[in-house]
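All of the numbers you see were taken from the coordinates with simple rules; none came from a lab. Quick caveat: nothing in here was measured; it's all calculated off a predicted structure. Cβ placement follows ideal geometry from the backbone for every residue including glycine, while neighbour counts extend to all protein chains displayed.
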């Protein structure tokens, strides 16, 4: 949806905000709320949420990246 595979939490939140603005999902009357489209609903399992809830909701969805393994022989 966002085109992000591995990234930091702040970058993901910024990308979500851009997605919300691009798709005009911010509630025009209660601007702190996001009206979820089908994609956000599928991810967050809600029709509507406060933008301030995103970091907490993301916590359960994000995984630490795979460790980087460097094979090197010390001589």
Under a plain spin-label model, where a point goes 7 Å from the Cα along Cα-to-Cβ, how far apart in nm are residue 39 and residue 53?
2.0 nm
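Give, in nm to one decimal, the length gained when the segment between residue 27 and residue 61 is fully stretched (0.36 nm per residue of separation minus the Cα-Cα distance). Please report the intermediate quantities before stating the final value.
Details: separation 34, 0.36 × 34 = 12.24 nm, distance 2.41 nm.
Using 0.36 nm per residue and subtracting the Cα-Cα distance, I get 9.8 nm.
Suppose a student asked you for the relative contact order of the chain, using Cα pairs under 8 Å spaced at least 6 residues apart; what percent would you report?
Numbers: 44 pairs, mean separation 15.8, N = 75.
Relative contact order, the chain: 21 percent.
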